[in-house]
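S.K.: Attaching a single structure in structure tokens format; questions to follow.
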Amino acid sequence: MAIPSAKGVFDILPHAQEDWRDSGLWAYLEGVIRTLAERYCFGEIRTPLFERTELFNRGVGTTSDIVSKEMYTFEDRAGRSMSLRPEGTAPVARAYIEHHLEQSGTLQKLFYISSMFRYERQQAGRYRQHHQFGAEIIGGAAAGLDAELIDLLWTLLMTLGLKGLTLHLNSLGDVQARQLFRTHLQDYLRPHLKELSSDSQERFAANPLRILDSKAPQDRAILQEAPSILDFLQPECAEHFSQVQMSLKTLNIPFVINPQLVRGLDYYNRTVFEITANELGAQNSLGGGGRYDSLMQELGGPDVPALGFGAGLERILQTMIAQKAFFPPPPHPKLLLIPLGAEATAMCMALAKDLRQKFPVEIDHSGKKLKASLKMADALGAEFVAVIGENEMKTGVCEVKQMATHTSRTLKLEELDHV
Ligand code: HAM
């Protein structure tokens, strides 16, 4: 019996056109990301696929769903607890500390395109292995950085031609503001506790802020009148938040203030943001992030402020397909060589080796009849075909047929690079 792939994962294949799992689309998206990351002066970081579990417990927080319910945790052969990375920020923070990157004296701007692992309940838009474009800026407190970081993600999505997106913006203030707000929120929710969804009831004691981004209709109704964290910000945080908004306006990036945006990871403070697309249904977040100014210190590193975002490549591609955004045409051979016989095959291989310095060339090794070879040319999307047999080898010239126009011209074998 054949063995199927595990639940919640997928393969990315060539020539799966119109499907977001087409490797050509992934390569295109990754290319746009790399170009843009370079323009914004981010350097690439690659961290290991797994880390000590403790890093995520301390970094992301044990009250987050990601750590408490969704991690792929295992013991290695020496009995140490390891986890597949569920997100990229804690590993980047670990690497920053481990390599003393603060000693460079400059801001560290790092990006990654990496797979993440979360044991999610199966539903559209949620995978157990997903891929993120992440960007982290470590060592800067200026509000302008928040706006530039958001601009990077916004510009990426605009470059890809996406429309109808919403940028949600909020500030979670500092620890004092959150503590005060937490008490007020609990006071507000307490009389409604029994009416809340079971998930929210569970969160009430340990992580009441997360109730704010619950999607359950009964919770939404209760939350309409909930207090706003923005009323609890200290003057410094309020000033930072207003500067971020001013910078976004300067950059012509539209946003909505959403005081109920809290994000699912525990390390955030001050600015948090998320970009959503209508096409995605319940899992509508294309990407999100914010400031995490105390994470470095909490992980035993220097006291440096930081901020970042993660954006899901699956969801970006799905939205591009739903919105019929531009994709480059799939790659195809420019020339298909059809040899007749063993000697011609050898010659075609030598020819192809040279021509491949210039453009994609395929050889039909099937030995089938010409009709089948021409069918193959169509299936491959080859632009030109040339049949090479005894006669062509003797005369050193061949007929090159253009598939689209059904016209042919005669070319010397050594001039095939002029097709
Ligand atoms: P996150 O919101 O958990 O943030 O994930 C970032 C993005 O990854 C989401 O907006 C979504 O597009 C995608 N994503 C998350 N989980 C899944 C899933 N199971 N299947 C498909 N796509 C998914 C973080 O991970 C933070 N580390 C972001 C960050 C970086 N904050 C600061 N720096």
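S.K.: Within the set of other residues whose C-beta is less than 9 Å from the C-beta of Gln122, count the net charge using Lys and Arg as +1 and Asp and Glu as -1.
M.R.: Neighbour charge sum, excluding Gln122 itself: +3.
S.K.: With a/c under 1.5 counting as rounded, go ahead and sort the range 229-319 into rounded, prolate or oblate using the C-alpha gyration tensor (a ≥ b ≥ c being the square roots of the eigenvalues; past the cut-off, prolate if a/b is larger than b/c, else oblate).
M.R.: oblate
S.K.: At most 10 other Cβ atoms within 10 Å and a DSSP loop assignment: could you name the GluC sites (Glu not before Pro) in the range 169-253 that fit?
M.R.: Glu225
S.K.: Something else now. Calculate, for Gln122 and Lys394, the FRET efficiency according to 1/(1 + (r/R0)^6) with r their C-beta to C-beta distance and R0 51 Å; round to the nearest 0.05.
M.R.: It comes to 0.25.
S.K.: Next up: Mind computing the radius of gyration and Dmax over the alpha-carbon atoms of the range 335-418? Å is fine for both.
M.R.: 11.5, 30
S.K.: So how do Ser81, Ser214 rank on accessible area, 1.4 Å probe, biggest first, that is with the largest at the start?
M.R.: Ser81, Ser214
S.K.: Specify the inter-centroid distance of the range 1-64 and the range 349-419, based on alpha-carbon positions, in whole Å.
M.R.: So the separation of the two Cα centres works out to 38 Å.
S.K.: Determine Rg/Rh for the chain; Rg is computed over alpha-carbon atoms and Rh is the Kirkwood hydrodynamic estimate from the same atoms.
M.R.: In the chain, Rg relative to Rh is 1.11.
S.K.: Still on this model: Nearest 500 deg cm²/dmol is fine: what mean residue ellipticity at 222 nm does the chain get from its DSSP H runs of n ≥ 4 alone, each adding -39,500 (n - 2.57), divided by its residue count?
M.R.: -10500 deg cm²/dmol
S.K.: Placing unit charges on C-beta atoms (Lys and Arg positive, Asp and Glu negative, everything else neutral), compute the dipole magnitude of the chain about its Cα centre in debye, rounded to 20.
M.R.: Taking the Cα centre of the chain as origin, the dipole is about 840 debye.
S.K.: Right, next: Starting at the first residue of the range 328-345, write each ³J(HN,Hα) from the Karplus equation 6.51 cos²θ - 1.76 cosθ + 1.60 with θ = phi - 60°, in whole Hz, x for Gly and Pro.
M.R.: Those phi angles translate into x, x, x, x, 8, x, 6, 9, 10, 8, 10, x, 10, x, 5, 5, 5, 4 Hz.
S.K.: If a/c stays under 1.5 just call it rounded; otherwise compare a/b with b/c (prolate if a/b is bigger, oblate if not). Do that for the range 358-399, with a ≥ b ≥ c from the square roots of the Cα gyration tensor eigenvalues.
M.R.: Oblate shape, in that a/c is at least 1.5 and b/c is the bigger or equal ratio.
S.K.: Show me 270-282, 182-194, 317-329 ranked by packing, highest mean number of other Cβ atoms within 10 Å first.
M.R.: Final packing ranking: 270-282, 317-329, 182-194.
S.K.: Also, quick follow-up: Would you kindly compute the Cα radius of gyration of the range 137-194 and its largest Cα-Cα separation (Dmax), both in Å?
M.R.: Cα radius of gyration and Dmax of the range 137-194 are 17.5, 48 Å respectively.
S.K.: Among Ile275, Ala377, Thr89, pick out the residue whose Cα is farthest towards the positive end of the charge dipole of the chain, where Lys and Arg carry +1 and Asp and Glu carry -1 on C-beta, about the Cα centre.
M.R.: About the Cα centre, the residue reaching furthest to the positive side is Ala377.
S.K.: Still on this structure, I have one more. What ³J(HN,Hα) values, in whole Hz, does the Karplus curve 6.51 cos²θ - 1.76 cosθ + 1.60 give for the range 158-168 when θ = phi - 60°, with x put for Gly and Pro?
M.R.: 5, 4, 7, x, 6, 10, x, 8, 10, 9, 9
S.K.: Not counting ligands, DNA or RNA, and with a 1.4 Å probe, what is Tyr119's accessible surface area in Å² rounded to the nearest 10?
M.R.: Accessible area of Tyr119: about 120 Å².
S.K.: Another question, if that's okay. Ranked by accessible surface with a 1.4 Å probe, highest first, in what order do Ile97, Ile150 come?
M.R.: Ile97, Ile150
S.K.: Please turn the phi angles of the range 364-370 into ³J(HN,Hα) values with the Karplus equation 6.51 cos²θ - 1.76 cosθ + 1.60 (θ = phi - 60°), one per residue in order, whole Hz, x for glycine and proline.
M.R.: 8, 8, 5, x, 7, 5, 4
S.K.: If each of Glu225 and Val32 carries a label point 7 Å out from its Cα toward its Cβ, how far apart are those two points in nm?
M.R.: 4.5
S.K.: Let a ≥ b ≥ c be the square roots of the eigenvalues of the Cα gyration tensor of the range 196-258; is it rounded (a/c under 1.5), or, if not, prolate (a/b larger than b/c) or oblate?
M.R.: Judged from the Cα gyration tensor, the range 196-258 comes out prolate (a/c at least 1.5, a/b above b/c).
S.K.: Next up: Using a probe radius of 1.4 Å on heavy atoms only, what accessible surface per residue do you get for the chain? Whole Å² is fine.
M.R.: 51
S.K.: Continuing with this model, one more query. Just reorder Lys368, Lys412 by solvent-accessible area, largest first, 1.4 Å probe, all chains present.
M.R.: I get Lys368, Lys412, largest accessible area first.
S.K.: Here is the link list: Lys368/Lys394; Lys7/Lys324; Lys163/Lys215; Lys109/Lys353; Lys109/Lys358. Which ones come out longer than 32 Å on Cα distance?
M.R.: The pairs that break the limit, which is 32 Å between Cα atoms, are Lys109/Lys353; Lys109/Lys358.
S.K.: For the range 219-274 and the range 105-162, what is the separation of their C-alpha centers, rounded to whole Å?
M.R.: Centre-to-centre distance over Cα atoms comes out at 18 Å.
The values are calculated or read from the model by the stated rules, or taken from the named source; none is laboratory data. What you see is a predicted model, and the numbers here were worked out from it, not measured in a lab. Counting neighbours? That spans all protein chains shown, and the Cβs are built from the backbone with ideal geometry, glycine included. Accessible surface is based on the protein model in full, side chains and every heavy atom, while ligands, DNA and RNA are left aside. Shrake-Rupley method; radii C 1.70, N 1.55, O 1.52, S 1.80 Å.
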